[in-house]
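Novice: Take a look at this one; I'll ask things after.
The values are calculated or read from the model by the stated rules, or taken from the named source; none is laboratory data. As the structure is a computational prediction, the values presented were derived from the model and not from experiment. Cβ atoms come from the backbone with ideal geometry, glycine included; neighbour counts cover every protein chain shown. The area values use the complete protein model at the heavy-atom level, side chains included, leaving out ligands, DNA and RNA. Shrake-Rupley method; radii C 1.70, N 1.55, O 1.52, S 1.80 Å.
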Amino acid sequence: MNKTMKYAIAAAMSAICATTAHAAEIRDTDDNHKLTFLLTGASFAVPENGWFEIGCEDMGADAINKAVSGEAIYHTARRMNLGTFYTTEELDKIDVFVIGHVHNQNVVNPQWLKDNWEDYTSIASTTDYSVAYDYVIKRYIADCEALKDNPESKYYGSPEGKPARIMLCTHWHDSRTTYNPAIRKLAEKWGFPLVKFDDKIGFSRIDAAAGEAQPSLAFAHDTETINGVKYGWHPLRGSNSYIQRRMAQIFVEEACSYLGLAVPFDYTLIPGSPLVVRGETARMLVNFRAGNYPFSVNGESVTTSPYFMEVADAQSDVAFKITAVTDADDTAASSGATSATIHIADKVIPCTYDSFVHQAEQSKGHADAQTLDLKNGDGWSRRIYVTFPLADVPAEAARIGFRLYYESVVPGKLNNENRPLDGIETLELGGNTSTYTANLTWDNHHNHVFEPVATVPLTKDMLNSHVGWDVTDFVKDKIAEGASHVTFRVSTPYQWRALSRFTSSESTTNPGKGPQMLVALHRSTGVEALPSETVFSVCVKGKRLLNPGRGNVTITAIDGRVISSSSDSEIDLGCLGSGMYAAIAGSQAVKFIIR
């Protein structure tokens, strides 16, 4: 992706895009229209991968994913032949049709091809890949044109119907030596843009010397053998997977070039938990949008998204600073917060009730379970419920967080096969003031309305740590309304995802790590001394360090940088900026905080 990230529509598509003037005229009158991409494919394209969905999100587009694991291009052809592949409403919305069937077959053999899609009389039974590709392409173009005669279509009455835009894809790397050259010839024949995963993925089969393992194996969870060589077969899945993010970037680059789009490279800062207890590790997630891997954050190379910034043994509020974010093309991020703060809690409030509901155990309660289980999809969905008293929230509360301890994960399944879904979940938090009992079950959990509160990401990298939401505004609003308690519900919108387990208040294996509400009070300015504030005769008083013994005292920042050294009886601390420091005298130290 170039530095300006500006792209021109490919010249080879001029013939197909000849009707775009009318399309643009229609779109200008439809304020709600968003770009929409339709994807067909097999196991490399199903939503569990992530590259297509990530790419569409980066472009602000809607994603319609009709890929089916285990299928081939001729299955798509059969559905189009039956008229069941898309509805008129879907066809109206689609801006680009992406074909991602990448089996190692010759898809450009002209032997059985027909001039018109209607000439294919045996499409319902064909297994020829070249025939199926030809039928799908010609049928899609014809269906788009036919919208001009369909009164239900917004293209009704237009001169040439809907513009047919199609993108083709290579395999995710260059092992498929039959398919990859063939799809290039097909793209050239039609003038279609090609998503060249194999060229741009960052490694090649020819990189491996004789006897060495193929580089694709490092990015896959299973293998296939082609011409006697073992390659990575299915790439590691999930939107947090480097390889899926890389594929998304390649897809976005080609789509933007095709459509003349500019996608800004930016990032967001998201606390793993907005509040932590003193002495815990504070974790900030840096989540990237667009850009070209690897990234550089404050000078450190990053190949995962989100990337975690951490401060261990946090003794005071931690302000995470971003000085620079660039991508592999040395493009600076166009936006993103320069800092975000995780607060130290002044009060911890335990829950008075916690439970979950289970779709497969519809009439059973789980209020006494050791874990709080969360999942969505395949008839085994689960949701979490937690209640807190509001009387325990101090009036001077400045920030309030709700958090759970993420203790384990069970991989999800697809077609009864375990999948390493190394991706990002979205945890949706809702809240209300209803009362719940041990009788809460799947059968009755819909009886109460929840209002949305916040969302946070969840990744496997967050195992054995707290995951939290900022609930300050929600809790304060309910206190102002006179509520005595609040209940939070945690759910996830994604299907076929892993079973995530969080520690319950009844846990005997993780005591004290049940659901908590953390409160940070309003901060005053000045100097805060931490425990063990004297070393020999040295102590912190106000903004002065008293050193009556006149021993040598070194002042250091939390990262170990020496700020000053003095043997004065009083050392002025007023010139120090906000942060945590240490006064070192001999082998001991006084920690203190400047606010």
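Novice: Only one of these is at pLDDT 90 or above and acidic (Asp, Glu): Asp461, Asp473. Name it.
Specialist: Values: Asp461 fails: at pLDDT 90 or above.
Among Asp461, Asp473, only Asp473 is at pLDDT 90 or above and acidic (Asp, Glu).
Novice: Mind telling me which of the residues Ala209, Ala220, Ala132 ends up being within 21 Å of Phe52 (Cβ to Cβ) and surrounded by fewer than 21 Cβ atoms within 10 Å (Cβ to Cβ)?
Specialist: Numbers: Ala209 fails: within 21 Å of Phe52 (Cβ to Cβ); Ala132 fails: surrounded by fewer than 21 Cβ atoms within 10 Å (Cβ to Cβ).
Among Ala209, Ala220, Ala132, only Ala220 is within 21 Å of Phe52 (Cβ to Cβ) and surrounded by fewer than 21 Cβ atoms within 10 Å (Cβ to Cβ).
Novice: Tell me which residues, restricted to the range 169-185, are assigned to a helix (DSSP H, G or I) and either polar (S, T, N, Q) or open to solvent by less than 10 Å² (accessible area, probe 1.4 Å) (or both).
Specialist: Step one: filter the range 169-185 for residues assigned to a helix (DSSP H, G or I), giving 179-185.
Within the range 169-185, Tyr179, Asn180, Ala182, Ile183 qualify.
Novice: Condition (residue is assigned to a loop (DSSP other than H, G, I, E, B), within 29 Å of Phe97 (Cβ to Cβ) and touching a Phe, Trp or Tyr at 6+ places or on another chain (Cβ under 8 Å)) applied to the range 263-284: is it met by at least one residue? It would help to see each step written out before you state the result.
Specialist: Here is the first cut: in the range 263-284, the ones assigned to a loop (DSSP other than H, G, I, E, B) are 263-265, 272-274, 277-281.
From the residues that got through so far, the ones that are within 29 Å of Phe97 (Cβ to Cβ) too are 263-265.
Of the ones still in play, those that are also touching a Phe, Trp or Tyr at 6+ places or on another chain (Cβ under 8 Å) are 265.
Yes: the range 263-284 contains one or more residues that are assigned to a loop (DSSP other than H, G, I, E, B), within 29 Å of Phe97 (Cβ to Cβ) and touching a Phe, Trp or Tyr at 6+ places or on another chain (Cβ under 8 Å).
Novice: Just checking, which of Lys93, Lys66 is of a type in the set (Lys, Arg), within 33 Å of the chain's Cα centre (by Cα) and within 23 Å of Pro235 (Cα to Cα)?
Specialist: Every option except Lys66 fails the conditions.
Novice: Sort through Ala312, Ala262, Ala290 and tell me the only one that's open to solvent by less than 40 Å² (accessible area, probe 1.4 Å) and small (Gly, Ala, Ser). If you could, list the steps in order and put the result at the bottom.
Specialist: Working: Ala312 fails: open to solvent by less than 40 Å² (accessible area, probe 1.4 Å); Ala262 fails: open to solvent by less than 40 Å² (accessible area, probe 1.4 Å).
None of the other options fit; the residue is Ala290.
Novice: Further question: In the range 116-129, how many residues are assigned to a helix (DSSP H, G or I) and under 11 Å from Ala77 (Cα atoms)?
Specialist: Quick first cut of the range 116-129, residues assigned to a helix (DSSP H, G or I) only: 117-119, 129.
Among the residues that remain, those that are also under 11 Å from Ala77 (Cα atoms) are: 117, 129.
Selection size over the range 116-129: 2.
Novice: Here is a check on your reading of the model: is Leu404 open to solvent by less than 20 Å² (accessible area, probe 1.4 Å) and either free of Cβ contacts under 8 Å to residues at least 24 places away in the same chain or in contact with a Pro (Cβ under 7 Å, 6 or more places away or on another chain) (or both)? Write out each step before concluding.
Specialist: On the way: open to solvent by less than 20 Å² (accessible area, probe 1.4 Å): yes; either free of Cβ contacts under 8 Å to residues at least 24 places away in the same chain or in contact with a Pro (Cβ under 7 Å, 6 or more places away or on another chain) (or both): yes.
Here the answer is yes, as Leu404 does meet what is asked.
Novice: Residues of the range 225-278 being more than 24 Å from Cys169 (Cα to Cα) and over 19 Å from the mean Cα position of the chain (by Cα), which ones? Lay out the reasoning, then the answer.
Specialist: First pass over the range 225-278, keeping only residues more than 24 Å from Cys169 (Cα to Cα): 228, 266-278.
Once the filter is applied, which keeps residues that are more than 24 Å from Cys169 (Cα to Cα) and over 19 Å from the mean Cα position of the chain (by Cα), the range 225-278 yields Gly228, Leu275, Val276, Val277, Arg278.
Novice: Here's another thing I want to ask about it. Considering only residues that are buried (at least 20 other Cβ atoms within 10 Å of the Cβ) and either assigned to a loop (DSSP other than H, G, I, E, B) or at pLDDT below 90 (or both), which ones fall in the range 341-359?
Specialist: Ala345, Cys351
Novice: List pairs: first in the range 162-190 and more than 22 Å from Pro110 (Cβ to Cβ), second of a type in the set (Lys, Arg), Cβ under 7 Å, 6+ apart or cross-chain?
Specialist: Asp174/Arg205; Ser175/Arg205
Novice: State whether the residues of the range 418-430 include one that is closer than 30 Å to Arg237 by Cα, at pLDDT 95 or above, open to solvent by 10 Å² or more (accessible area, probe 1.4 Å) and of a type in the set (Ser, Thr, Tyr).
Specialist: Within the range 418-430, not a single residue is closer than 30 Å to Arg237 by Cα, at pLDDT 95 or above, open to solvent by 10 Å² or more (accessible area, probe 1.4 Å) and of a type in the set (Ser, Thr, Tyr).
Novice: How about the range 322-336: which of its residues are surrounded by 15 or more Cβ atoms within 10 Å (Cβ to Cβ), part of a loop (DSSP other than H, G, I, E, B) and out of contact with any Lys or Arg (no Cβ under 6 Å at 6 or more places or on another chain)?
Specialist: Across the range 322-336, the qualifying residues are Ile322, Asp327, Ala328, Ala333, Ser334, Gly336.
Novice: Does the range 220-239 hold any residues that are part of a loop (DSSP other than H, G, I, E, B) and either in contact with a Phe, Trp or Tyr (Cβ under 8 Å, 6 or more places away or on another chain) or in contact (Cβ under 8 Å) with a residue 24 or more places away in the chain (or both), and which are they?
Specialist: In the first step, residues of the range 220-239 are kept if they are part of a loop (DSSP other than H, G, I, E, B); the result is 221-222, 227-228, 233-234, 236-239.
Passing the criteria: His221, Asp222, Asn227, His234, Leu236, Arg237, Gly238, Ser239.
Novice: For Phe203, are the conditions met, namely being buried (at least 20 other Cβ atoms within 10 Å of the Cβ), closer than 21 Å to Glu253 by Cβ and among the aromatic types (Phe, Trp, Tyr)?
Specialist: Values: buried (at least 20 other Cβ atoms within 10 Å of the Cβ): no; closer than 21 Å to Glu253 by Cβ: yes; among the aromatic types (Phe, Trp, Tyr): yes.
Judged against the criteria, Phe203 is not a match.
Novice: Additional query: Identify, by number, the condition in (1) within 16 Å of Glu89 (Cα to Cα); (2) buried (at least 20 other Cβ atoms within 10 Å of the Cβ) that Asp149 doesn't meet.
Specialist: (2)
Novice: Can you name the number of the only condition in (1) loosely packed, with under 15 Cβ neighbours inside 10 Å; (2) touching a residue at least 12 places away in the same chain (Cβ under 8 Å) that Ala395 fails?
Specialist: (2)
Novice: From the residues in the range 574-595 that are surrounded by 15 or more Cβ atoms within 10 Å (Cβ to Cβ) and over 20 Å from Val318 (Cα atoms), which one is modelled with the lowest pLDDT?
Specialist: Here the answer is Ala589.
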